[in-house]
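Structure record follows, encoded as structure tokens.
The values are calculated or read from the model by the stated rules, or taken from the named source; none is laboratory data. Being a predicted model, the structure only gives us computed values, none of them experimental. Using ideal geometry, Cβ is built from the backbone for each residue, glycine included, and neighbour counts are taken over all protein chains shown.
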Amino acid sequence: MSKLMLFVCSLVLLFFAGNAFYVTFKKYEEDDDFSGELETFFLIDLVLAVVLLISEKFAPQKYHIVIFKTLSLLFGLIILGLTVMLWGLFS
């Protein structure tokens with residue numbers, strides 16, 4: 001894999017991880033779109049909407065926000081770890 005392709009893949013993955021961390025640490029709003037006012041990535045909205053749906057269905061109403069923020073933090077850490085593994089394998 002060329003260094004340029006590795007760099008581009010890393011930027012995209014870090015964008016996903018950064019957005020997950022943004023959602024984790026910002027104040028929750030009921031009608032949130034999860035993209036931080038960016039209209040370019042529908043995939044981020046879709047992934048975080050699925051995580052929110054999972055937390056609403058399987059957690060009590062009292063705790064679903066905490067579970068959602070925990071799951072989005074874990075998603076960001078997994079994507080960050082995937083980026084580190086990508087650099088370790090192909091650099």
(message) With the requirement that a residue be modelled with pLDDT under 70 and surrounded by fewer than 15 Cβ atoms within 10 Å (Cβ to Cβ), what does region 31-51 give you?
(response) Asp31, Asp33, Gly36, Glu37, Leu38, Glu39, Thr40
(request) Output the residue which, of all residues in region 52-82 that are surrounded by 15 or more Cβ atoms within 10 Å (Cβ to Cβ) and of a type in the set (Gly, Ala, Ser), is nearest to Val12 (Cα to Cα). (result) Gly76
(message) Just to verify a result, which residue in region 78-91, among those that are assigned to a helix (DSSP H, G or I) and touching a residue at least 40 places away in the same chain (Cβ under 8 Å), is farthest from the chain's Cα centre (by Cα)?
(response) Phe90
